[in-house]
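The values are calculated or read from the model by the stated rules, or taken from the named source; none is laboratory data. Quick caveat: nothing in here was measured; it's all calculated off a predicted structure. Note: ideal-geometry Cβ built from the backbone for every residue, glycine included; neighbour counts use all protein chains shown. Please note that ligands, DNA and RNA were not included when accessible areas were found on the heavy atoms of the full protein model with its side chains. Shrake-Rupley method; radii C 1.70, N 1.55, O 1.52, S 1.80 Å.
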Amino acid sequence: MLQKLMPKSDDFFDDFEKQTAATVEGTKLFRALLEDFTDVPAKVKAIKDVEHRADDITHRAFERLHTQFITPFDRSEIHRLLARIDDVLDLTDAASERLGLYQIGSIIPEARELAEVLVAASERMQEAVRGLRNVHNAAHIFEACKQINVLENQGDTLLRRALAKLFNSSGFDPLT
């Protein structure tokens, strides 16, 4: 009975790493979709498949979280980290799905740039998560987090620039 309550020390870390690997894979597929905007339904489905795999990882981790007595760190923080990593891929999947639903005909360059930033941020997230196994990696984790923040700011700037371009340029229909 006591053995069942004791965690395998790496299970949650394995989940975090599998989840971030799926997120990186999904964001790279999204970038590839925007770089070669052909066969959109098949590419959107490939992203959806990765998102479903990541959801399975998340659900198993949540189940483990509720069955193990001892966890590597606070339960609410594990739950929050799992949910936040899941959000990245969920939103990427939603963006890819909208491209098909809204029948987008072409991709503006800023969208491709945003996808590059998304991939870079997901790779930094993966680096930070890998560092969680060893508390001596705090400096590495913080550095990855700082880089994510820089990338987030870069993405915000790209988004504002793209929106301004859509509304201020002739030849673009903002609704499209």
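What the table below lists for this structure:
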{"item": "Condition broken by Leu118, with the remaining ones in (1) of a type outside the set (D, E, K, R); (2) under 17 Å from the mean Cα position of the chain (by Cα); (3) open to solvent by less than 40 Å² (accessible area, probe 1.4 Å) satisfied", "result": "(3)"}
{"item": "Residue among Leu132, Leu81 that alone is more than 17 Å from the chain's Cα centre (by Cα), part of a helix (DSSP H, G or I) and in contact (Cβ under 8 Å) with a residue 24 or more places away in the chain", "result": "Leu132"}
{"item": "Looking only at the range 85-99, and only at residues there that are open to solvent by less than 40 Å² (accessible area, probe 1.4 Å) and more than 9 Å from the chain's Cα centre (by Cα), the one that is farthest from Gln19 (Cα to Cα)", "result": "Leu99"}
{"item": "Test: Ala139 is open to solvent by 40 Å² or more (accessible area, probe 1.4 Å) and over 20 Å from Thr23 (Cα atoms)", "result": "yes"}
{"item": "Only listed residue being of a type in the set (A, V, I, L, M, F, W, C) and outside any helix (DSSP H, G or I), chosen from Ile148, Ile70", "result": "Ile70"}
{"item": "Candidate set from the range 45-79 (those that are among the basic types (Lys, Arg) and closer than 26 Å to Val135 by Cβ); member that is least open to solvent (accessible area, probe 1.4 Å)", "result": "Arg64"}
{"item": "Candidates Leu132, Leu159, filtered to the one that is within 30 Å of Arg60 (Cβ to Cβ) and touching a Leu at 6+ places or on another chain (Cβ under 9 Å)", "result": "Leu132"}
{"item": "Check on Gln126, open to solvent by less than 50 Å² (accessible area, probe 1.4 Å) and either among the polar types (S, T, N, Q) or in contact with a Phe, Trp or Tyr (Cβ under 7 Å, 6 or more places away or on another chain) (or both)", "result": "yes"}
